[in-house]
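The values are calculated or read from the model by the stated rules, or taken from the named source; none is laboratory data. Since we're looking at a predicted model, the values are computed, not measured. Glycine gets a Cβ as well: all are built from the backbone with ideal geometry, and neighbour counts include every protein chain shown.
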Amino acid sequence: MIGLGPTIGPTIFVVPRLAVEMAGPAAILTFILAGILSLFIALNYAAMSSRVTKAGGGYSFVSYAFGGVPAFLSGWFMYIGNVAYAALSAYTAAISLAYSTYTGR
């Protein structure tokens, strides 16, 4: 869900319009590519979850593989990424609400 959430999450309300404007009919290829990449992310997380059984997700995986400083950095990068994703989600929700209010939909 960590890789799938940002792919399908609130961006699904904004990205399709932008993709079609930029790429035209070829936009469907970008959605297929995003689906394939999400599948690989899900498979990697599933494989690592079966190997590393303690809680912690990506931090635990890096801690198991590298330990120390790389695990610390990955934890902070995941934290910063989640904060940025929350801000982007709020921005996307505001755009969607403003558009639906403006168009009356």
Quiz prompt | In region 53-94, residue nearest to the chain's Cα centre (by Cα) [restricted to those that are at pLDDT below 85, in a helix (DSSP H, G or I) and surrounded by 15 or more Cβ atoms within 10 Å (Cβ to Cβ)] | solution = TYR85
Quiz item: What tally of residues in region 27-45 results from selecting those that are loosely packed, with under 14 Cβ neighbours inside 10 Å and modelled with pLDDT of 85 or more?
Solution: 9
Quiz item: Does region 52-62 contain any residue that is closer than 30 Å to THR92 by Cβ and of a type in the set (Phe, Trp, Tyr)?
Solution: yes
